[in-house]
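Q: Structure provided below as structure tokens; questions to follow.
The values are calculated or read from the model by the stated rules, or taken from the named source; none is laboratory data. This structure is a prediction, so every number in the text was calculated from the model and none was measured. Here the Cβ positions follow ideal geometry from the backbone for every residue, glycine too, while neighbour counts run over all protein chains shown.
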């Protein structure tokens, strides 16, 4: 009896551990076909396709899928997915992030880190001399080539000062600077704020300050046009103080250098201070790695094909390298040119170069990485395309932040405030300042007057901020952009309600709210009398209008009435819904005082 029991138990320990290892843990590459996944998981390709379909991914047997999708199927089957070690580099590049081999040679890599040139972005008000200043620095004549001497494109240039290299990015404005940040490209180490000594701080200067602060980079102020008789640098310094930028000579930490792009006075001092700030920042990179960085600009040339200006942020880019851009397209570097138009064979960290060979025109701010082979590049791109149906991460809402504060995951609230008049902003700021405590900080990224614009939303994307409008309406393009990027726009008419919501957010007690989802707009083009009421003859300019929609009547940018749609007609017929380009008659509940030119905004309430 004992021997029989022993005979039954002896093979069990030998049989169970052996097959259980492949069943419990499965190693998957970063990209593979559906058939390869099926073989690794021990299921049929048909079963594999069914599992993917349940997750909303339509794929054929030879379709390339990404590791995350294959790992999800493996988890459903009770397996523990593990990323194939030799392909960890590809997975990290997809992020993008430093190659995996750095994890194994972190000490070596630390020794391989070398000082790199600083990347400097020039910002400021229009016509304050941004391009002229850069022109004076590099002793060329870019401004004369530009229409009206105003920068029309994004350029990157490298100069050498007493053996130190500095890379300058000349942008057409802070919107482009923030657009690249919104796409994840943190290119800048130092921001140069150009302020004309005769004009002083202007509205775009204030926006540039907010955008530079949001990027969390050191600001050096170049007080330009000091050669003019009306120049008043001391007045500019006083204005800077009003924006909490206290210059060094007044006891602050902001460097302000009087310069003249015309006479080149002060240029040497400006460059010396850039080098000092860069040395204090201890900027380093490893030139021994495969290159990665970001796209600064790109275009399609009729004779040369796709031309892209790249900024190498880490590693070294070589002619002949295989470059993958945002995992969406790839190409081989056929030729590479520096900022002087000279052909070069390599580009080290912080070096801008123009390359030929990409398969499609990328966007400014897209990241790029160098991979080992064309096969690897194709696998990454095909894997990315297979994942495009996946849910796109959305920006945080006030409700999300409230939950994160309650869970101890965040301790800050970033806000962009737009109000109808300047007099409303100060009491809002004062009220919010009183809510600050040691645990949670409210940070106002930018504030201004007027409607909420696309630029405001773009800054919110880059800064993970909430847009707060106080008697300020979002423009249609801003609304569409906010919806596509998941940025929350909250509208208030009463200050205490705004403050109350922020207080609830700080304490983690904010309850779910209903948000307005805009569905379309129509313009009133004619007025019709029907019995005792007025009907607006409208043209649907964008989106759609549905009988069930709520409606706002907006006249010259001001909201004058808000209620529901009482009737919707196409010619003489009652209809439930009409698309863009339709002519219709619309009645609004409780309102008959329409005027030609009024804008009707249609929306619905959605629980958040």
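Q: Applying the selection to the stretch 103-160, what residues are touching a strand residue (DSSP E or B) at 6+ places or on another chain (Cβ under 9 Å), modelled with pLDDT under 55 and surrounded by fewer than 17 Cβ atoms within 10 Å (Cβ to Cβ)?
A: 140, 142, 153
Q: Looking at (1) surrounded by 19 or more Cβ atoms within 10 Å (Cβ to Cβ); (2) farther than 10 Å from residue 30 by Cα; (3) touching a strand residue (DSSP E or B) at 6+ places or on another chain (Cβ under 7 Å); (4) modelled with pLDDT of 65 or more, can you tell me which one residue 93 breaks?
A: (4)
Q: Additional query: Within the stretch 20-31, can you find the residues that are modelled with pLDDT under 85, closer than 17 Å to residue 79 by Cα and surrounded by 14 or more Cβ atoms within 10 Å (Cβ to Cβ)?
A: Scanning the stretch 20-31 gives a single hit, 30.
Q: Hey, can you tell me all the residues within the stretch 315-338 that are surrounded by 22 or more Cβ atoms within 10 Å (Cβ to Cβ) and assigned to a strand (DSSP E or B)?
A: 317, 323, 324, 325, 330, 331, 333, 336
Q: Could I ask something else about it? For the stretch 239-296, which residues satisfy the criterion of being part of a strand (DSSP E or B), closer than 30 Å to residue 368 by Cα and touching a helix residue (DSSP H, G or I) at 6+ places or on another chain (Cβ under 9 Å)? Working first, answer last.
A: Restricting attention to the stretch 239-296, the residues satisfying the condition of being part of a strand (DSSP E or B) are 247, 254-258, 284-285, 290, 292-296.
Within this subset, residues satisfying the condition of being closer than 30 Å to residue 368 by Cα are 284-285, 290, 292-296.
290, 292, 294, 295, 296, listed by residue number.
Q: Hey, which of the strands (runs of 3 or more DSSP E) in the stretch 500-608, taking only ones fully inside, have at least 2 residues that are over 21 Å from residue 481 (Cα atoms)? Walk me through it before giving the result.
A: On the way: elements: 514-530, 533-546, 550-555, 558-570, 577-579, 583-588, 599-607.
Answer list for the stretch 500-608: 514-530, 533-546, 550-555, 558-570, 577-579, 583-588.
Q: Oh, and also: Just to confirm my filter: which helices (runs of 4 or more DSSP H) fall fully inside the stretch 362-474 and include at least 3 residues that are modelled with pLDDT of 85 or more, closer than 30 Å to residue 156 by Cα and under 24 Å from the mean Cα position of the chain (by Cα)?
A: 454-463
Q: Taking residue 479, is it in contact with a helix residue (DSSP H, G or I) (Cβ under 6 Å, 6 or more places away or on another chain) and either loosely packed, with under 15 Cβ neighbours inside 10 Å or closer than 28 Å to residue 427 by Cα (or both)?
A: Values: in contact with a helix residue (DSSP H, G or I) (Cβ under 6 Å, 6 or more places away or on another chain): no; either loosely packed, with under 15 Cβ neighbours inside 10 Å or closer than 28 Å to residue 427 by Cα (or both): yes.
Spelling it out, it is not the case that residue 479 is in contact with a helix residue (DSSP H, G or I) (Cβ under 6 Å, 6 or more places away or on another chain) and either loosely packed, with under 15 Cβ neighbours inside 10 Å or closer than 28 Å to residue 427 by Cα (or both).
Q: Next up: Tell me which residues, restricted to the stretch 195-219, are touching a helix residue (DSSP H, G or I) at 6+ places or on another chain (Cβ under 8 Å) and in a helix (DSSP H, G or I).
A: Passing the criteria: 204, 207, 208, 210, 211, 212, 214.
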